[in-house]
């Protein structure tokens, strides 16, 4: 490219506009997503939760270029930490969320400290190894903490007079000291709450949505800050940065911890909306999924990772539920023979075949739009812009 | 008063003795050129100053402290900046960011966690960076992404990145390598202009035109040893230097 590329200006004003549009879009999702069949709380919660996961992942991968293949470990740790808070102290979600973020941060500090001794593919392999180790430990020696294959769940309270007898059987009975101290009466297995407001259905979604908006705002501040600029410089030319007097290791470790804490928050919200934590959340496929989300939406952009997360979760939940009967109805206007052929072909891409559609979409994006969907949008934006400026704007959109 | 004191430095790569008992003393405020034929050990010596290589033996003292065993960023923080053989800049960032980053490294130290305030709120650093871009003649391109700059412009940008740190010692590794005559002359002018700030400079160079237009002292390195040292005029007439450059290469 011989032409001069002008960097896109991100003023404080344009950031506020972006933030307001983002918040409005998230909060109105139950209405705006209704036409595509995605407006039910369970799916909307997933959009928000995996959006947080991907936004946090992007702080590491998008800004520094360090590709972690083990971020699901922090997601899993966040879930376990939250469920333990529910079991031991209270069904209120605030302590659980805070505790999960802190635990995931400490976990990220340990894994990051070791993994960041290497860069490139070796860093990726180290993070993958740690995540798989966590996954396998959760199934084996850590069973007293994770309840192995069954998964850690919120259970009935231990009989109040015999609580001490159950200290070693805590995966099967709960104590909830704080709730008990406040005299909360439980009927059956309780569900999570925010000071009495039940965290299921739409209230659960709005809690996740507020967390997403906060997470997005913090990611935006980081991206525009001094710290963010140093992370981008690491991605651009780490060697130069070292000779410029910057100690890159603590910058990388801080970015790794922040991104681990985002994953912990996401894991915690998974437990908030469904108080059950299983080890499969830490499997490498879950780590790979967040990489796909980020690349699909646009690496290094602010909105892209959230968009990628939304699309993948949409495919996973909506495309996978379309079956032949639905297709028959859609194509019922065709003559019967043709209808059968069309249904046979399209059914490969929906239902069980949703992976195929997603895979094709991913290939198309990586080949034609290496900057992800966000690059596609900024290209469209340029085509339809009435008066293009004298200097073409950057292909590196940061919105 | 010497700012950099190199004594008895040895460096071996397998069977090759790259540096052999190198002695060098760089005076404060001088422009010290290190010349020598290919493979004489010039770049190896420079890498020993910046922490990329550690000598097998010997000492490198800068302003009374040893540079050996320090990380590159620690050496930079003591006041040594470096210009690379091929311009090393942050290609994906804007020119302004490129100059602001070293300024922050100087002001805030090797690590400072400031993830909340916008970079643009630090107007003091931005103004300084803009002034320096103006000085090297790149002010009108401040908002551009660097990857599209010409090589000569990248070199000037790299100079600005070093100058904003107000280094005590500036190391230049073949600053005009691969440049056109016009770009070379521009670089010489720029270096002369920098010279007015009184920064001590070490230049490694092949181009004798550059060396003799800038240097106040010249050291000649051949086969890992300093074989001659003096003013440019003394070096021009030194038979040992001619031997090293012409005789050694052709016999």
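The values are calculated or read from the model by the stated rules, or taken from the named source; none is laboratory data. Predicted model, so just to flag it, every value in this text is computed and none were measured. Cβ atoms come from the backbone with ideal geometry, glycine included; neighbour counts cover every protein chain shown.
Observations, loosely collected:
- Some residue of the range B:112-121 being assigned to a helix (DSSP H, G or I), without any contact (Cβ under 8 Å) to a residue 40 or more places away in the chain and farther than 22 Å from residue A:235 by Cα: yes
- Residue list for the range A:40-90, restricted to those being touching a strand residue (DSSP E or B) at 6+ places or on another chain (Cβ under 8 Å) and buried (at least 24 other Cβ atoms within 10 Å of the Cβ): A:76, A:79, A:80, A:82, A:83, A:86
Here is a yes/no grid of residues against (1) at the interface with chain B (Cβ under 8 Å from one of its Cβ atoms); (2) touching a residue at least 24 places away in the same chain (Cβ under 8 Å); (3) farther than 28 Å from residue A:91 by Cβ; (4) surrounded by 23 or more Cβ atoms within 10 Å (Cβ to Cβ):
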{"position": "A:238", "(1), (2), (3), (4)": "no, yes, yes, no"}
{"position": "A:247", "(1), (2), (3), (4)": "yes, no, yes, no"}
{"position": "A:250", "(1), (2), (3), (4)": "yes, no, yes, no"}
{"position": "A:260", "(1), (2), (3), (4)": "no, yes, no, yes"}
{"position": "A:263", "(1), (2), (3), (4)": "no, yes, no, yes"}
{"position": "A:267", "(1), (2), (3), (4)": "no, yes, no, yes"}
{"position": "A:271", "(1), (2), (3), (4)": "no, yes, no, yes"}
{"position": "A:274", "(1), (2), (3), (4)": "no, no, no, no"}
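- As a summary of the residue check, residue B:73 satisfies the conditions (1) part of a loop (DSSP other than H, G, I, E, B); (2) touching a helix residue (DSSP H, G or I) at 6+ places or on another chain (Cβ under 6 Å); (3) facing chain A (nearest Cβ under 8 Å) except for the one numbered (1).
- Restricting the range B:106-129 to residues that are under 25 Å from residue B:148 (Cβ atoms) and surrounded by 19 or more Cβ atoms within 10 Å (Cβ to Cβ), the residue that is nearest to the chain's Cα centre (by Cα) is B:129.
- Residue A:193 vs. criteria under 30 Å from the mean Cα position of the chain (by Cα) and either on the phi > 0 side of the Ramachandran plot or at pLDDT below 80 (or both): no
- Residue B:56 meets all of the listed conditions (1) outside the structural domain of residue B:204 (by TED's automatic domain parsing); (2) surrounded by fewer than 16 Cβ atoms within 10 Å (Cβ to Cβ); (3) at pLDDT 90 or above but one, namely (1).
- Members of the range A:5-48 found to be in a helix (DSSP H, G or I) and either within 14 Å of chain B (Cβ to nearest Cβ) or within 30 Å of residue B:145 (Cα to Cα) (or both), listed by number: A:12, A:13, A:14, A:15, A:16, A:17, A:18, A:19, A:20, A:21, A:22
- Hits in the range A:120-154 (condition: farther than 26 Å from residue A:253 by Cα and either touching a helix residue (DSSP H, G or I) at 6+ places or on another chain (Cβ under 6 Å) or surrounded by 18 or more Cβ atoms within 10 Å (Cβ to Cβ) (or both)): A:139, A:146, A:147, A:148, A:151, A:152, A:153, A:154
- In this structure, residue A:255 qualifies as within 12 Å of chain B (Cβ to nearest Cβ), surrounded by 24 or more Cβ atoms within 10 Å (Cβ to Cβ) and either free of Cβ contacts under 8 Å to residues at least 24 places away in the same chain or within 19 Å of residue A:111 (Cα to Cα) (or both).
- When residue B:173 is tested against the conditions (1) farther than 17 Å from residue B:89 by Cα; (2) within 14 Å of another protein chain (Cβ to nearest Cβ); (3) surrounded by fewer than 22 Cβ atoms within 10 Å (Cβ to Cβ), the lone failure is (1).
- Top-ranked residue of the range B:41-58 - restricted to ones that are farther than 14 Å from residue B:13 by Cα and in a helix (DSSP H, G or I), ranked as farthest from the other protein chains (Cβ to nearest Cβ): B:42
- Residue in the range B:137-168 that is nearest to the other protein chains (Cβ to nearest Cβ), counting only those that are part of a loop (DSSP other than H, G, I, E, B) and within 17 Å of the chain's Cα centre (by Cα): B:165
- Top-ranked residue of the range B:85-102 - restricted to ones that are more than 8 Å from chain A (Cβ to nearest Cβ) and more than 11 Å from residue B:144 (Cβ to Cβ), ranked as modelled with the highest pLDDT: B:99
- Which listed residue, of B:174, B:135, is touching a residue at least 40 places away in the same chain (Cβ under 8 Å) and assigned by TED's automatic domain parsing to the domain that holds residue B:50: B:174
- Criterion violated by residue B:105 - all others in (1) under 19 Å from residue A:10 (Cα atoms); (2) touching a residue at least 60 places away in the same chain (Cβ under 8 Å) satisfied: (1)
- Verdict on residue A:297 being more than 21 Å from residue A:125 (Cα to Cα), in contact (Cβ under 8 Å) with a residue 40 or more places away in the chain and buried (at least 19 other Cβ atoms within 10 Å of the Cβ): yes
- Residue count, the range A:303-319 (criterion: surrounded by fewer than 17 Cβ atoms within 10 Å (Cβ to Cβ) and either in contact with a strand residue (DSSP E or B) (Cβ under 9 Å, 6 or more places away or on another chain) or part of a helix (DSSP H, G or I) (or both)): 1
- When residues of the range A:185-208 are limited to those that are touching a helix residue (DSSP H, G or I) at 6+ places or on another chain (Cβ under 9 Å) and without any contact (Cβ under 8 Å) to a residue 24 or more places away in the chain, the one farthest from residue A:39 (Cα to Cα): A:197
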